[in-house]
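In what follows, a structure is listed as structure tokens, so that the remarks can point back to it.
Coordinate-derived values only; no laboratory data. Model, not experiment: these values are computed from the prediction. No Cβ is skipped: glycine too gets one built from the backbone with ideal geometry, and neighbour counts run over all protein chains shown.
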Amino acid sequence: MNCSELKEGQVLVCEGCGFELKVVKACGETCCTTDACCTGNITCCGEPMKLKQ
């Protein structure tokens, strides 16, 4: 999951340590057209973070 796929209000969680990130403002396609977007999975503890269910 990279930042352009995240929507406002979603929460990413690390399955290793429980660290959570909440999307306060989504960047959508805008950041990808300006090359400012993250291009890979958002990781913590060496593993991709998952959407919190």
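Data overview
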item: Residues Thr39 and Cys17, FRET efficiency given R0 of 30 Å [Cβ-Cβ distance, rounded to 0.05]; result: 0.80
item: Summed side-chain charge close to Gln10 - residues other than Gln10 whose Cβ falls under 10 Å, Lys, Arg +1, Asp, Glu -1; result: +1
